[in-house]
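The values are calculated or read from the model by the stated rules, or taken from the named source; none is laboratory data. Here the structure is a predicted model, which is why all the values come from computation and not from measurement. Counting neighbours? That spans all protein chains shown, and the Cβs are built from the backbone with ideal geometry, glycine included. In case anyone asks, the SASA skips ligands and DNA or RNA and just uses the protein heavy atoms, side chains included. Shrake-Rupley method; radii C 1.70, N 1.55, O 1.52, S 1.80 Å.
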Amino acid sequence: MSGNGLISSIRSMIHADERLRSNTQSPFEQLRPQMNDVLGDGGILKEVVQLGEGPPVPQNASVLIHYSGFLEYSDRPFETTTGFKYPRMMKLGRDVTLAGLELGLLTMKKGEFSRFLFQPQYAYGEMGCPPFIPSSAVVLYEVQILDYLDSGQVDDFIEMSPEEQNTAPLSTLLEVVNTQRSFGNRCFNQSRYDNAKDRYKQALMLLGNRETQSDAEKEKIKIALLPLYLNLSLTELRLDSPHKALKYSNKALEIDSANTKALFRCGQMLQRQLGQTERHVLQDV
C-alpha cells in the first residue's frame, strides 16, 4: 500500500489553503463530500479507494493490515505500518485500540483500500495523545486489508468442552483447523517456526480429539491431517530436529504412501542424518 497519492493530495490542499485560507474549505472538509457516513452520526466517514473481495471482516477476527494516520494540515503520518515487511496480525477487540479503526475494519473486505475520517469520540478523544495528537483532533486513516482470519470462530471452538467439540458439525471443526493451519503458515513464512509449530500441533490435537462415527468422516479427518503432518515435518526440519521431522513425514506416508513431499522430506532427513553420522565417525578416528 502506498500513501503517496494521499500525501500528494493533502500537500496540494495545504498549499491551496495557505493561499486562500480566508475563503476556502480545510483539507478534511474537502474530503467529506466524497465519503460515506458509516454509523449515521458523522463520526466515521469512509471513502473506498480500491474495492476488496469476499465477505467483510467478521467480529473478533485477526487482521493483517497496513495503515497510516494523518492529522489535518500534515503530509506526514503520525503513525504508519507501511515500513514493515511483515505487519503483525492484530486481533479485533484486543490489539486494535482505536474505536473508529475497529468499527471501520468491520466494514472492509480482503484487499480493500479505504480512507476514514474519525471524529475525536472515535479516535483520541478530548484529551488527545500528547505530544503527537492534540486535544479533540479529527484524524484521517488510510487502511488496506491484506488478509484476515476468522480467529473468533477458533476462540469460540476452543472454549467449548470436549463433549461440545465432539458434537459440533465436522464442517465447523475443519474450518477451525484450516484457520489454525493458515495462522501456522503465516508464522512459518515469517520464520517464526516455534509459533508455526504450536499452531499446527493445536490443529492436530483438535482433529485427534474427534470421535469419528463413519468411514466418510474418518476420510475427511485424514485429508485434513495430511497437510498438517507435512507442514510439521518441514517446520521441525527448520528447527533442526530431523528425528521429529522424519516422524511427521512417516505419519504423512501412512495416509498417502506415494506423497511426493513426504518422500522427498524423508530423503532430506535421512541424508542429513547420514551426514551427521559421517562427521561423528571422522571425529572418532
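A few notes on this one:
- Flag for Thr81 being polar (S, T, N, Q), modelled with pLDDT under 95 and closer than 25 Å to Asn189 by Cα: yes
- Flag for Lys251 being assigned to a helix (DSSP H, G or I), modelled with pLDDT of 85 or more and open to solvent by 80 Å² or more (accessible area, probe 1.4 Å): no
To keep it simple, each residue is scored yes or no on (1) closer than 19 Å to Glu236 by Cβ; (2) in contact (Cβ under 8 Å) with a residue 24 or more places away in the chain.
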position: Thr167; (1), (2): no, no
position: Thr172; (1), (2): no, no
position: Gly184; (1), (2): yes, yes
position: Asp198; (1), (2): yes, no
position: Lys201; (1), (2): yes, yes
position: Glu211; (1), (2): no, yes
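- Scope the stretch 118-140; condition part of a strand (DSSP E or B) and either out of contact with any helix residue (DSSP H, G or I) (no Cβ under 6 Å at 6 or more places or on another chain) or at pLDDT below 95 (or both); matching residues: Cys129, Ile133, Val139, Leu140
- Leu225 meets the conditions (1) part of a helix (DSSP H, G or I); (2) at pLDDT below 95 in every case but one. The failed one is (2).
- Some residue of the stretch 149-167 being modelled with pLDDT under 90, small (Gly, Ala, Ser) and surrounded by fewer than 19 Cβ atoms within 10 Å (Cβ to Cβ): yes
- Of all residues in the stretch 67-89, those satisfying the criterion of being open to solvent by less than 20 Å² (accessible area, probe 1.4 Å) and not small (Gly, Ala, Ser) are Phe70, Thr81, Pro87.
- Flag set for Leu92, criterion: touching an Asp or Glu at 6+ places or on another chain (Cβ under 7 Å) and under 24 Å from Leu39 (Cβ atoms).
- Candidates Val48, Val63 - the one that is over 17 Å from Tyr124 (Cβ atoms), open to solvent by 50 Å² or more (accessible area, probe 1.4 Å), part of a strand (DSSP E or B) and touching an Asp or Glu at 6+ places or on another chain (Cβ under 9 Å): Val48
- Of the listed requirements (1) open to solvent by less than 20 Å² (accessible area, probe 1.4 Å); (2) hydroxyl-bearing (Ser, Thr, Tyr); (3) under 28 Å from Met90 (Cα atoms), Ser182 misses just one: (1).
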